[in-house]
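The values are calculated or read from the model by the stated rules, or taken from the named source; none is laboratory data. These numbers come from a predicted model, not from an experiment. Side chains included, ligands, DNA and RNA excluded: accessible areas come from the protein's heavy atoms. Shrake-Rupley method; radii C 1.70, N 1.55, O 1.52, S 1.80 Å.
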Amino acid sequence: MKYVYLALVFLLVTSCIPLRIAPTIKDYKLTTGKKFKRQLPKDNAFVFEDPKEANEFYNFINTKYSLNHQTVEYNVPINVEGEEFFLSFYETEISDKSINLIPFFANAALENKGVSPVFNDPQVNRKGNWYLALFVYDADMKDCLNSNYPYRIAILNHLKAIKKEYLNTNNYLEAMMKMN
């Protein structure tokens, strides 16, 4: 029994304890922006993981809609079933965060022997996970991803197509050619 306790203590000391785990989104997730991340708007959002480099979606939207770097992130006009809507997007990070206990115990042992601590920084590991949150509004600034909105299904299909095209396109001039 003594060996079991010793093994458990050893495993606890040598392991990293997760403090925060970023969500895994297989395809996309419809959620309230504030629920997903506090800094996002409170409206409904179409959220998916972004495996590409920073600002790639910005470049994609800028090229696809020929915006010339003018209001690319907010109120980009999109056409769904003959109606005009406005797309806004946010690139956001949620990081996995874990703490390693070995440096804390090593510092405590060194301090007990009168030696100054070796590990000064907290041993917290972070791994960033990037997401894109897309919001769609109509001319009256109504949330078009609301479950009661009449064009919701068509808008969702359009956002799925944008997501698919973004993830499958490497050269954003291709996006412009597909649009024409």
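Only protein heavy atoms count here; under a 1.4 Å probe, Met1 has an accessible surface of about 150 Å².
Global size of the stretch 30-87: 12.9, 34 Å for Rg and Dmax (C-alpha atoms, Rg to one decimal, Dmax whole).
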